[in-house]
């Protein structure tokens, strides 16, 4: 079994094999990704599950062709076979542009991305911490009848090495914790949820998560039906993180070109309001997506994707940078979005780098969150999005279920909870209608996707379901 | 597969004190290729072997996977699976119990005519590039895309009750997508062909022809009219659209773990929890989940708990009949397990998943449905869904549509999006056609961490009522 300590040796071995097999250039991306998941169901710990994924992704260049393969088997014959598979793939993938793997460069230091206490957290302690969310939710109010949630703990190590002498290492820790509470004192029922993520154990506050989820659930018990209309909507961090997530996703040139062309050919054009500036900053200390290098070993850098509503930049790894003759922005991420392959949080060696923002966020504005509420005469406060989709990726039709945490805002005050509703609008209109951004970033998200995000206000059509 | 690797894990777990243990030893070979506009965007070969060990200790589950297939590595993983189950058992309100299941010993293989590895990877890429060219069948096509996935899995399942099942599966599919543009309007169209089987699918279903149709469809949508909002419109849903609809509003809510609130954290719950035996739809509303349909993406004979597969009746003539079950949920419901458990790889714990979920055939001809419609819409080909947490309210976009007037297709429509509530829609179904289809749906997501799985979905043409949203 290969250990992290052996990564350099295995990396060198792969580069030698590739050289012997007549590769012009080679790269090995070695990953150890440990995930512990504790699932909470029906007020209990339902299951605890772990994975320790160790493997290598191999990229080769030969005769102007690029190939990739991966393996979790480090025996010499398997490494040879995997390298050959990458070389075979390179035969039919001749690049119509000049491409070379990145050269070595000194990476910056990024603080607060690896926490020994989190890395060494014993599994029984992790189970207990996860269960504290349930305990606190049940203790908050007797009307709480059910809780479900998850705690994911990730520890990763990676090494990228290539035939230019690049040898870059990175290690990180990460947790995500979430709880959905149900209040059901009788026939009525209402849900509440809270979710957060962080890089260190000191950021984990399971009891706060449990209490906030329970608070939201209880506050929804007297929910009234909503009247269909177009409203000013205040998006608290979780739905705001979802908007940020879509903006960032659309800023990948690969996504724009192949799947969701909403931002394609819009560089330099206004796609959002003056209030909206979106950056990708993997240098942020303790940032959810921060790291000193990207996943092809390029030193991290900050980039502005949208400036005052104008689409400023797409993000680039070295491959897409070479293809589109753009300067790479250290945005190579090995995201596994293929079916039948790993999709664990943390690092993944099964895929080639693709250009992806790594720690994107909406830049805070000059509003206090409370000021935004006070300044809203007749609108809605939205705390959660559910099943959010761009249902028409070319035109921007956008929808989300406002499953819980929906409140009316009247004369500058949160007036009361509203029943489940659906947002149906256009994504570009939502961006153009942003008229307030709060001054504080909070970590929020759902189902594996988290970001640092402010509260924002925009306008959207909302209908009851 | 090497039983000498998997069986000791079970013995060791039992020795540690596990009440039950199972292990899945698997070897995976995956090919993923994306070609677009004459270029290969991505070409990936992944290989992986490993084992996932699941233990039940004092009513709590523990699971650990590893790629370290040495005796020490497997023992370490088994130890962790036992230890975390034991730690979890301190916070279990209702201990897990498993419904009895016969311990089968069997071996089977999905039928493959052309093995994926028989054709050189580079030759495949050349073919994809050729097919991608066919997408540019119209000068208005500005982007073409072929995405291919080929998966080979060799799996050995063993458990502490004596089950020993070997399964060799191959799954092959490709999606062709074209974007067409004229002036400010961009329209896209996509179609997927795929099956449980080898590379022969692309000849059998003539993907070259599918690609050129896809290109022409995208271009034809440029001349189509944008759909307009119409409340409670009469709709005829074509089988590919029905595939996504049945997936979202029957398949997911039929997962018994979801019914029991176990997916409440993210995915949600089910509006029909506790309503088995109730009438929820019209007599045309019959839905099955059936893993025993060969050549489909949802094909298997035993699930990942070793339970023998059979057809599950989910809804019969409008009456909610049953759910997809694991051994554990079957015990809770007091029914027999029906082989609903699957995991995408050895790295993941199995979950209750769809196999092939589809509306049953009816007694109408499509032409008759059309003739009977004075004013309505034909809705064709799935695009994107957004469904509420109880699978009650749904919004699903389609790739194209036609207005129907006096029994004839008239105006071609783009930007079609439907919405309704599940019970209203089920009750509104007043006709279903004779010959259903099962389509490949390769990206069904569930679980935390997410497991994107391949399933089959479909049905015949269905007539019902839903609101056309159009676009905003």
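The values are calculated or read from the model by the stated rules, or taken from the named source; none is laboratory data. Values in this document were obtained by computation on a predicted structure and should not be read as measured data. Counting neighbours? That spans all protein chains shown, and the Cβs are built from the backbone with ideal geometry, glycine included.
For the reader, a short list of remarks on this structure follows.
- Test: residue in the range A:298-310 that is over 30 Å from residue B:395 (Cβ atoms), crowded, with 22+ Cβ neighbours inside 10 Å and either in contact (Cβ under 8 Å) with a residue 60 or more places away in the chain or more than 18 Å from the chain's Cα centre (by Cα) (or both): yes
- On the stretch given as the range B:1-21, residues that are part of a loop (DSSP other than H, G, I, E, B) and either under 21 Å from residue A:49 (Cβ atoms) or in contact with a helix residue (DSSP H, G or I) (Cβ under 6 Å, 6 or more places away or on another chain) (or both) total 3.
- Residue that is farthest from the other protein chains (Cβ to nearest Cβ), among those in the range A:400-421 that are crowded, with 24+ Cβ neighbours inside 10 Å and in a loop (DSSP other than H, G, I, E, B): A:405
- Candidate set from the range A:92-127 (those that are touching a residue at least 24 places away in the same chain (Cβ under 8 Å), part of a helix (DSSP H, G or I) and within 14 Å of another protein chain (Cβ to nearest Cβ)); member that is surrounded by the fewest Cβ atoms within 10 Å (Cβ to Cβ): A:123
- Residues (more than 8 Å from every other protein chain (Cβ to nearest Cβ) and either within 17 Å of residue A:334 (Cα to Cα) or in a strand (DSSP E or B) (or both)) located in the range B:22-51: B:22, B:23, B:24, B:25, B:26, B:27, B:29, B:31, B:33, B:35, B:51
- Candidates B:298, B:362, B:322, B:340, filtered to the one that is farther than 30 Å from residue A:50 by Cα, buried (at least 17 other Cβ atoms within 10 Å of the Cβ) and under 21 Å from the mean Cα position of the chain (by Cα): B:322
- Here residue B:423 meets the list (1) within 14 Å of chain A (Cβ to nearest Cβ); (2) at pLDDT 95 or above; (3) touching a helix residue (DSSP H, G or I) at 6+ places or on another chain (Cβ under 9 Å) almost entirely, failing just condition (3).
- The number of residues in the range A:173-202 that are away from chain B (no Cβ under 14 Å), surrounded by fewer than 23 Cβ atoms within 10 Å (Cβ to Cβ) and either modelled with pLDDT of 95 or more or in contact with a strand residue (DSSP E or B) (Cβ under 6 Å, 6 or more places away or on another chain) (or both) comes to 4.
- Lone unmet requirement of (1) closer than 30 Å to residue A:299 by Cβ; (2) at pLDDT below 95; (3) more than 8 Å from chain B (Cβ to nearest Cβ) for residue A:160: (2)
- The residue list A:273, A:248 contains one member that is assigned to a loop (DSSP other than H, G, I, E, B), away from chain B (no Cβ under 14 Å) and more than 24 Å from residue A:96 (Cβ to Cβ), which is A:273.
- Yes/no for residue A:181 being farther than 29 Å from residue A:42 by Cβ and touching a residue at least 40 places away in the same chain (Cβ under 8 Å): no
- Filter result for residue A:168 (modelled with pLDDT under 95, outside any helix (DSSP H, G or I), over 24 Å from residue A:448 (Cβ atoms) and more than 10 Å from chain B (Cβ to nearest Cβ)): no
- Residue B:45 being touching a strand residue (DSSP E or B) at 6+ places or on another chain (Cβ under 7 Å) and over 22 Å from residue B:298 (Cα atoms): yes
- Of all residues in the range A:74-91, those satisfying the criterion of being at the interface with chain B (Cβ under 7 Å from one of its Cβ atoms) and surrounded by 23 or more Cβ atoms within 10 Å (Cβ to Cβ) are A:82, A:85, A:89.
- Residue in the range A:345-353 that is closer than 18 Å to residue A:260 by Cβ and surrounded by fewer than 24 Cβ atoms within 10 Å (Cβ to Cβ) present: no
- Among residues of the range B:57-71 being more than 8 Å from chain A (Cβ to nearest Cβ) and modelled with pLDDT under 95, the one that is surrounded by the fewest Cβ atoms within 10 Å (Cβ to Cβ) is B:71.
- Of all the residues in the range B:81-96, those that are within 30 Å of residue A:73 (Cβ to Cβ), crowded, with 23+ Cβ neighbours inside 10 Å and within 7 Å of chain A (Cβ to nearest Cβ) number 2.
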